[in-house]
Amino acid sequence: MQDPKAELQREALLLRILWMVFFMIVWQLAELLLLGVVLVQLGFRLVKGAPKRSVMDFGDSLSQYLAQIGRFGTFHSEIKPWPFADWPAPREPQCETEPAVTPAPAQAAEAQPKP
């Protein structure tokens, strides 16, 4: 007869393997979603001149979520990612979020020398 403690550890490991497989599938879907967010942000940057803050915040939360999945999958954490834990809050951006201010036409005309 097997040790009951060893049997519980084996069952816990099998359950964890199932969760890891589930989160690896979620990883694949989230990775595609992150690619979409990157492309949308690139579009905003090209068209508007600056990234959109709401898309930037979602992208940061999504990338943190992917990091949580990686930590769980590599046994670095016992905490299962969302929906078992809170969705990661976005951090403050580390880049410019607004387009550069250009001088108004009246100011630009004043700066030019008069004939």
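The values are calculated or read from the model by the stated rules, or taken from the named source; none is laboratory data. Treat the numbers as computed from the prediction; the structure is a model and nothing was measured. Positions of Cβ are generated from backbone atoms using ideal geometry, with glycine treated the same way; all protein chains shown enter the neighbour counts.
Exactly one residue out of Ala6, Ala30 is over 17 Å from Pro83 (Cα atoms), part of a helix (DSSP H, G or I) and of a type outside the set (Val, Ile, Thr): that is Ala6.
The rows are residues; the columns are (1) surrounded by 10 or more Cβ atoms within 10 Å (Cβ to Cβ); (2) of a type in the set (D, E, K, R); (3) at pLDDT below 65.
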residue	(1), (2), (3)
Phe75	no, no, no
Glu78	no, yes, no
Ala89	no, no, no
Glu92	no, yes, no
Ala108	yes, no, yes
Gln112	no, no, yes
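Selection within the range 1-30: residues that are surrounded by 13 or more Cβ atoms within 10 Å (Cβ to Cβ) and within 15 Å of the chain's Cα centre (by Cα). The member of this set that is farthest from Ile69 (Cα to Cα) is Ala30. Within the range 59-84, which residues are part of a helix (DSSP H, G or I) and of a type in the set (Ser, Thr, Tyr)? Matches in the range 59-84: Ser61, Ser63, Tyr65. When Met20, Met56 are screened for being among the hydrophobic types (A, V, I, L, M, F, W, C), at pLDDT below 95, farther than 20 Å from Pro93 by Cβ and assigned to a helix (DSSP H, G or I), only Met20 passes.
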